[in-house]
Amino acid sequence: MSWTTTTMTTTMMMPPPSAAAARSAPPTRPIPGSYGPPVVGPLKDRLDYFWFQGPEAFFRSRIESHKSTVFRANMPPTFPFFVGVDPRVICLLDCASFSSLFDLSVVEKRDVLIGDYMPSLRFTGNTRVAVYQDPSEPQHARVKNFCLDLLKRSAGTWASEFLAGLDTMLSAVEAEVSEKGSSNFILPLQKCIFRFLCKSIVGADPSASPDVGDQGFVMLDKWLALQLLPTVKLGVIPQPLEELLAHSFPLPFFLVAGDYRKLYAFVAEQGHDVIELARTEYGLTEEDAVHNILFVLGFNAFGGFSVFLPSLVAAVGAGGRAGLRDRLKEEVRGVLDGGPSKELGFAAAREMGLVRSTVYEVLRTKPPVPLQYARAKADFSLASHEWSYPVRKGELLCGYQPLAMRDPTVFEDPDEFVADRFKDDEGLLRYLFWSNGPETGTPSTENKQCAAKDHVVATACLMVAHIFDRYDVFECDDSSGAIVKLVRREKAEDEAGSRSRTTSSIING
C-alpha cells in the first residue's frame, strides 16, 4: 500500500499560511507508536532500518500501521556499544510537522546534527564546531558570520573555479566512456569538488601540498565515513558483517588521525588570509578557525556536493527523460547563444528557469541530507495536516526528508519527477527544506540554515547548464547512474564573434 492511500491523502493542495491560520486547530491525539522493551526495541528497529526493511520502507510501513505521519520509533545508532546514546525519537514525515524542526522558539539544535549520537570530538581536533552549536550559543554567531563572509568573498571566483574543474572532470569522463563504454565519474567529480572548494573557500591550491593535492579528497572521504557509518546503510558488504562492523560501535579517530593532521596543516599554512580574517574580524583562535573551516569544507560542502551532484547528473541523464534534456538544451543555448558577451556564470544561470526548477526537483526527491533533527526545549503542540500532538521538553524530533518532501497534501503527483514543478509554482519553495530551513528563508546567525544555500543551487545550475552547452546528447544508465553516452558539441567563433555549433563527435558505449 502506498503512502498516498493512507488517511493523510488529500486532493487539496496545502493552503497558504494565512488561510491555514484561519482554520481551527487540528484535533489533539497522543503520538502513536512505541519504543518497545529496553535493548530489544531499539535493536529490532535498528535491524528493520538497516537490514529487513531499509530506511524508506521502515518509515512507510509505520505510517501505514499508525495511520499517522507522526509517530514514535527508535533510530540508530544503538545497542550494544553506543553508551549514552538515546535512540528514541518522534518521526516527522509530512511538510507541516517537518517545519517544526526549524521553529527555534520551541526546539534547539544543540549536538543533534545526526541525532543523539555525536562522533568523538577528536574528529574535529577536540573543538566543538559550529554545526553542533545552537544559535543561542555565542560562538555560533561568530563562526556563522565568518562562514557567510567567506562565501561573500568567494563570489568572484566560485563560478570560474567550478567551471574550470568541471571541464577537467568531463574530459576525464569522456576518455573513460570512450575506453570502457561508461564512466562512474565519482572520483573525477570529487577531485573537481575538492580543488574548487579549496581555492574558493580557503584561497589555497591543493597542488601546493603533494599529499593533499593527490589524496585530499580521499582523506575527506575516510574522515566522513568514520563519523557517519554508524548511521547509514552501506549495502556493499553482506548485511550481517555491516551490522557487526559498522553499526555496533563508534568508529575510532586514530584510523584517520594522520590524514586529519595533513589537512589541518594544509589549511593552516595555505589559508593564512582566511585564518587572519577569522582572528581579527571574528575573534576566533587559529585552532577554532582551522577546525571550523575543515568541517565546513569537508563535511558540509565536499560531503554535500559528493552526494547531491551525482544525484543531479543521474536525474537529468535518466533514460526516460530525453524530452527533458531537449528542453534543457534549448533553454541553456537560448540564453548562452544570445551574443559574444553571454558567458556562463551565476547571472546567466539565473535566466534559466527550467534548469533552476530541475535542480529544485532533485533537491526535493533526492535531498543530500535525508535526516534532520531538533530537540524540544519546552512542551509544545506539534501539528501535522490532520492532528496536533503533545511533545514534551527534551524529546528528540527526527524528520526523514525523502518522504516529507513527497507530501501529497503539498505536492501534486509527489512520487513523480516533475522538472518544471517549481517553475510553474514558485510558492512551493517554502516547503523545500533540504537546507535545514525553507528555500524561501535566509541563512543568518539566528538560524541553522545552510550558509551556502544559494551557492549550492547556483552551482548545481552551472553544472546542468555546462553539460547541455557542451553536449548534444548526454545519457546515464538508470540502474548505476554511470554516464554511458556523450555527443560532444564543438563550437567555433563565427565572423561576428558569436557562439555557434560546427560539428559533433560521438563518444558512447
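Any idea how many residues of the range 62-75 are in a loop (DSSP other than H, G, I, E, B) and either within 14 Å of residue 38 (Cα to Cα) or small (Gly, Ala, Ser) (or both)?
Going through the range 62-75, the residues in a loop (DSSP other than H, G, I, E, B) turn out to be 67-69, 75.
Restricting the remaining residues to those that are either within 14 Å of residue 38 (Cα to Cα) or small (Gly, Ala, Ser) (or both) gives 68, 75.
So the answer is 2.
Could you give me the residue pairs with C-beta distances under 9 Å whose first residue belongs to the range 241-266 and is more than 22 Å from residue 288 (Cα to Cα) and in contact (Cβ under 8 Å) with a residue 40 or more places away in the chain, whose second residue is among the aromatic types (Phe, Trp, Tyr) and in a loop (DSSP other than H, G, I, E, B) wherever it lies, and which are 6+ apart or on separate chains?
248/79; 248/81; 248/82; 249/81; 249/82; 250/81; 250/82; 250/117
Can you name the residue in the range 227-246 that is modelled with pLDDT of 95 or more and in contact with a helix residue (DSSP H, G or I) (Cβ under 6 Å, 6 or more places away or on another chain) and, of all such residues, is farthest from residue 56 (Cα to Cα)?
227
When you scan the range 365-385, do you find a residue that is more than 27 Å from residue 185 (Cβ to Cβ), free of Cβ contacts under 8 Å to residues at least 60 places away in the same chain and of a type outside the set (A, V, I, L, M), even just one?
yes
Of all residues in the range 244-255, which are assigned to a helix (DSSP H, G or I) and surrounded by 15 or more Cβ atoms within 10 Å (Cβ to Cβ)?
246, 253
Regarding residue 273, is this residue touching a helix residue (DSSP H, G or I) at 6+ places or on another chain (Cβ under 6 Å) and surrounded by fewer than 22 Cβ atoms within 10 Å (Cβ to Cβ)?
So residue 273 does not fit the description; no.
What are the pairs, 6+ residues apart or on separate chains, where a residue within the range 187-215 that is on the phi > 0 side of the Ramachandran plot has its Cβ under 7 Å from a residue that is surrounded by fewer than 24 Cβ atoms within 10 Å (Cβ to Cβ)?
203/271; 203/273; 203/274
If you scan the range 56-89, which residues turn out to be closer than 22 Å to residue 409 by Cβ, out of contact with any strand residue (DSSP E or B) (no Cβ under 6 Å at 6 or more places or on another chain), in contact (Cβ under 8 Å) with a residue 60 or more places away in the chain and buried (at least 16 other Cβ atoms within 10 Å of the Cβ)?
Hits for the range 56-89 are 60, 63, 68, 69.
Which one of these is charged (D, E, K, R) and farther than 29 Å from residue 26 by Cβ: 134, 111?
Working: 134 fails: farther than 29 Å from residue 26 by Cβ.
Within the list 134, 111, the selection yields 111.
Counting only residues that are more than 25 Å from residue 272 (Cα to Cα), give me the helices (runs of 4 or more DSSP H) lying completely in the range 123-227 with at least 3 of them.
Here the list reads 155-180, 186-197.
Would you mind finding the one in 391, 410, 418 that is over 18 Å from residue 98 (Cβ atoms), touching a residue at least 12 places away in the same chain (Cβ under 8 Å) and of a type outside the set (Asp, Glu)?
The match here is 418.
With respect to residue 376, is the statement that it is surrounded by fewer than 20 Cβ atoms within 10 Å (Cβ to Cβ) and within 14 Å of residue 70 (Cβ to Cβ) true?
Here the answer is yes, as residue 376 does meet what is asked.
List pairs: first residue in the range 111-131 and free of Cβ contacts under 8 Å to residues at least 60 places away in the same chain, second residue part of a helix (DSSP H, G or I) anywhere in the structure, Cβ distance under 7 angstrom, at least six positions apart or on different chains.
Pairs that qualify, where the first residue is free of Cβ contacts under 8 Å to residues at least 60 places away in the same chain and the partner is part of a helix (DSSP H, G or I), are 111/132; 118/132; 128/121.
The values are calculated or read from the model by the stated rules, or taken from the named source; none is laboratory data. Small disclaimer: the values here were computed from a predicted structure and weren't measured. Cβ atoms come from the backbone with ideal geometry, glycine included; neighbour counts cover every protein chain shown.
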